[in-house]
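To start, the structure itself, in structure tokens.
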Amino acid sequence: MFNLYRCSQALFPGEMILEEAKNFTYNFLHQYLANNQSKDKWVIAKDIPGEFLHQLGKETYQDLGIDIHHQLHNVWEEWFMSLNNTPCQEEAELLVHTINLAAGHMTHDEILSKHTNKVCHMLNEFQNGQISNSSKARDIEFYMKALVKLVFSNTSSNNINQDIKQTFFAVVKTFYYTAHVSEDTINHHISKVLFQKA
């Protein structure tokens, strides 16, 4: 069965017989391991359970990689398409999606995305000199506080992984930092982090 499972991984799209063999053997091997039936007197290999687990785990990560690739493609495609329709406010959301998908987090939060995009868009305007009056600066602070509350609250309506929340917050902090610190200072900080020994 294990060899049939391994052979079935060489299938091409549309090969229904190998697809059925792959699904059947995958389920069979999982059940076989779950029932601790891998101690068979006819098994020649010493660590067949380890081989099963290694191969089954490898398959799971391969599927995850394909899924992440597909989702990243969709996120970037949506972002490129939005460039033609409206002024882009979603750069921050694109960064958050990319970071979270690369980390294996497949969820998304509309409320956090909305606040993140709003704050980062306003910070870009501030950085480019498009916002100069104090009421707009207060608006930035208001939305920033609302975002902090969303990230650090543990309400049941906001039942999202803390790592995902932290990614939203880290992206906003980066926009905030670049809006309030000069380019020379940023370059100095980057140089210090990369090239100076601790």
Difference of contour (0.36 nm per residue) and Cα-Cα distance, GLN71 to GLU141
21.9 nm
Residue span GLU19 to ILE99: 0.36 nm per residue of separation minus Cα-Cα distance leaves a gain in nm of 25.6 nm
Note, the range 177-193: 3J(HN,Hα) by Karplus (6.51, -1.76, 1.60, θ = phi - 60°), whole Hz, Gly/Pro = x, goes 4, 5, 6, 10, 10, 5, 4, 4, 5, 4, 4, 4, 5, 4, 4, 5, 5
Determine, for each peptide in 165-176, 14-25, the mean count of other beta carbons within 10 angstrom over its residues, then list the peptides with the highest first.
165-176, 14-25
Multiplying the sequence separation of ASN187 and PHE152 by 0.36 nm and subtracting their Cα-Cα distance, what value in nm do you get?
9.6 nm
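Rule-based calculations on the coordinates, nothing more; no lab input. Please read these numbers as outputs of a predicted model, since none were measured by experiment. Cβ: placed from backbone, ideal geometry, glycine included. Neighbour counts: every protein chain shown.
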